[in-house]
Each structure stands twice: as structure tokens, then as C-alpha cells.
Amino acid sequence: MKLLKDYLKVKEHQVTPESVFWKRREFIRQFALSSVVLASGSSLAFTEKTTSKYAGLELKNELSSEYVVTHHNNFYEFSTDKERPAELAKNFNPGSDWSVNIGGEVELAGKFGLEDLLKWTSQEERIYRLRCVEAWSMVVPWRGFSLKSLIDKVKPTSKAKYVAFKTLHDPNVFPGQKRGTFGMHTLPWPYEEGLTIDEATNPLTFMATGVYGKDLPGQNGAPLRLVVPWKYGFKSIKSIVSIEFTEEQPVSTWNERASSEYGFYANVNPKVDHPRWSQATERRITDETLFGVKRIPTQMFNGYGDLVAPIYKGLNLKKYF
Ligand SMILES: Nc1nc2c(c(=O)[nH]1)N[C@H]1C(S)=C(S)[C@@H](COP(=O)(O)O)O[C@H]1N2
Ligand SMILES: [Mo]
């Protein structure tokens, strides 16, 4: 649990010279002109939209500051602490020198450079809410491409029912993967996640390569990470090196670690509590709330139900949490 004094400490770093502040304003203005409509009132309040097609997403949100997005992270390969990944990831700048294995039930299997993936798809900006299973949340401006556009290119076979992802496994890069780092609390590496093919091809499902107009920093999952905004944050696997199309339900690292606490689906659901805490509300982290604790109600499917609820028609969401 973070204490108020920790937030005050963060606030000190957050003080930016005026020139930097105005650059950020300029950037935010560009967002406002491209994919986001500026709401009246505060200059930092946004009417959120992913693309103009998704008018259903007009929920008022404040963007979380670049500082909190890049300094309050969950990336256990670096540390179980929220502030440490930013520091420990300083030398992890893979850039485009990265490849991804695409395999399993797919026509175009192989090892592809990130550059190839970027040639096949087109990049855009998306502002999404991120709701962690730990009951904190942010609003993040990502850059990247829709996973569907990549899937359309590589053409899964009719046997492909799921998509499985893996994070890089290299203890020389990730200190947290060294044996005994967390003692018995370690996760089984590599971190793995999976989606059903319907979830993976939903237009909201995103592969991020950047945040706040810059390439992803290491702590946010450089150079390529998944973003599934209607699911708890742990589904949004970072630093992906493998994408496999499978017939069977793939491993989800947190589900494997504690299946009674973390389900395979992990859809944001205020009515299904975590065994150790309520999921009815969340602590929204923005600049302002660094000074306080703003609790807001958690929305079903994190507010993206219009676009994703049909996937789960007839599914018991308490049983398949
Ligand atoms: N490989 C890997 N991916 C991961 C994690 C992790 O520890 N390792 N943490 C997850 C969790 S719990 C959350 S909430 C989000 C956090 O993303 P952010 O740090 O970019 O906000 O990343 C997810 N992806
Ligand atoms: Mo999380």
C-alpha cells in the first residue's frame, strides 16, 4: 500500500520546468485535434474516444500524467515494487532491434523483426483506461496498431481458437528472472498470457509500441506490449517475443500462480470481488490525485461493454472471472 508521503515524494519530481510543461500541452493539443475531443472546463479533461468510429466511448476522463504512467509500473521481471522498474529499465532500450516468433495454427509462421510488423500494420493513437486488478487505474495515451490488423496479415487456420503471448526470458536483461530474486514469491518465467481468438480480433485489442508520443520506455514493456483495456492490467503482457495461435486455452501466468484469485478471462467486473479485496471501486491515479485518493466506481468491462459484451453472451462471468 502506498502512503500519502510517497505520493508527496513523487509530486516533487513531477515539478517540470515551464518549457517542458508547454511541450506537453502542445502534445496533448495534438491528441485533442486527432483522436480526442477536448471537453469544456479543464484543459486536461478529455472526452475519451478511441477512434471516431467508437462514439460509444465518450466517457469523461483525465489523462494520467506522463510521469505517473512511466513511474508507477507493474513489471515483475524488474521488480515487485512500483517505482523500481523505471530505474532498473534504464538500460533496456531494445528499440527496433527485436523479433517476435509467430507460430502455431497460422499460415504465415516465422521469426519477424518488429520492423516487419510495423510495415504490415498502421500505427495510431489510442487513449485507454487501464484498470489493475489491485484496484488502481490510469488513463493512458498509447501509440501502436490493432492486434487484428496483424492477425489478418498472418492468417490463423480454422483450428486457431486462442492466441498465446510470451515475454522475453533473459535474466541478463531482467534481474527479477534471476533465481531466488523473490524467494518463494517468484513467478514462473517467462510471463505468459492468452486471449480467445474473438478477444484478440476485437477492434479494441491493441499492440502498443509507444506511450505519450514516444517509443515505449522499458518499464512500460518496450518495444511491444499488449493492451486489452476491458481486462485487468495483468492480461496486458509486456515485451512480447512470441505470439502463438493454439487450439487449447493457453497459460496465463497469474492464473497459474493463484487460480482462485486470477481468472483466465480477467474481465474488469465491479460485481466480482477479488477474494482479498473489493473490485467495486478503484483509485484513479492522475496528477491531481497524487495529493489525495480519488476513488471512483469501477465500470463493467472497464466501460467498454458496448464493444465487448457480445463476446461473453451466455457466459457465467462469476464462474469464468
Ligand atoms: N511481462 C509482464 N507483463 C506485465 C506485467 C509484468 O509483471 N510482467 N504486469 C502486468 C500488470 S499487473 C499491469 S497492471 C500492467 C501495468 O502496465 P504499466 O506498467 O505499463 O502501467 O502490465 C502488465 N503486464
Ligand atoms: Mo496489474
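Out of (1) loosely packed, with under 15 Cβ neighbours inside 10 Å; (2) within 16 Å of ligand 2 (Cβ to nearest atom); (3) part of a helix (DSSP H, G or I), what's the single condition that is false for Asp81? Tallying (1) loosely packed, with under 15 Cβ neighbours inside 10 Å; (2) within 16 Å of ligand 2 (Cβ to nearest atom); (3) part of a helix (DSSP H, G or I), Asp81 fails exactly one: (3).
Sub-9 Å Cβ pairs linking a first residue in region 294-321 that is more than 17 Å from Phe264 (Cα to Cα) to a second residue that is charged (D, E, K, R) and at pLDDT below 95, at least 6 apart or interchain, are Lys294/Arg283; Lys294/Arg284; Lys294/Glu288; Arg295/Arg283; Arg295/Arg284; Ile296/Arg283; Ile296/Arg284; Gly303/Glu48, ordered by first then second residue.
In region 84-117, of all residues being of a type in the set (S, T, N, Q) and outside any strand (DSSP E or B), the one that is nearest to ligand 1 (Cβ to nearest atom) corresponds to Asn93.
Among the candidates Ala266, Ala309, the residue that is in contact with a Ser or Thr (Cβ under 9 Å, 6 or more places away or on another chain) and aliphatic (A, V, I, L, M) is uniquely Ala266. Scanning region 136-154 finds one or more residues that are within 9 Å of ligand 1 (Cβ to nearest atom) and among the aromatic types (Phe, Trp, Tyr). Counting residues in region 218-233 that are of a type in the set (S, T, N, Q) and within 22 Å of Pro310 (Cα to Cα) gives zero.
Just one of the numbered conditions (1) outside any helix (DSSP H, G or I); (2) more than 16 Å from ligand 2 (Cβ to nearest atom); (3) aromatic (Phe, Trp, Tyr) is not true of Phe301: (1). Taking the listed residues Thr246, Thr253, the one that is at pLDDT 95 or above and away from ligand 1 (no atom under 16 Å from the Cβ) is Thr246, with no other qualifying. A search for C-beta distances below 7 Å between a residue of region 111-135 that is under 30 Å from Glu62 (Cβ atoms) and any residue that is within 16 Å of ligand 2 (Cβ to nearest atom) and in a helix (DSSP H, G or I), counting only pairs 6+ apart in sequence or on different chains, returns Arg129/Asn302; Leu130/Gly233; Arg131/Gly233; Arg131/Asn302; Cys132/Gly233; Val133/Gly233; Val133/Phe234.
Annotation: of all residues in region 110-129 being of a type in the set (A, V, I, L, M, F, W, C) and surrounded by fewer than 22 Cβ atoms within 10 Å (Cβ to Cβ), the one that is nearest to ligand 2 (Cβ to nearest atom) is Ile127.
The values are calculated or read from the model by the stated rules, or taken from the named source; none is laboratory data. Keep in mind the model is a prediction, meaning the values are calculated, not measured. Because the Cβ atoms are built from the backbone with ideal geometry, glycine has one as well, and the counts that use them run over all protein chains shown.
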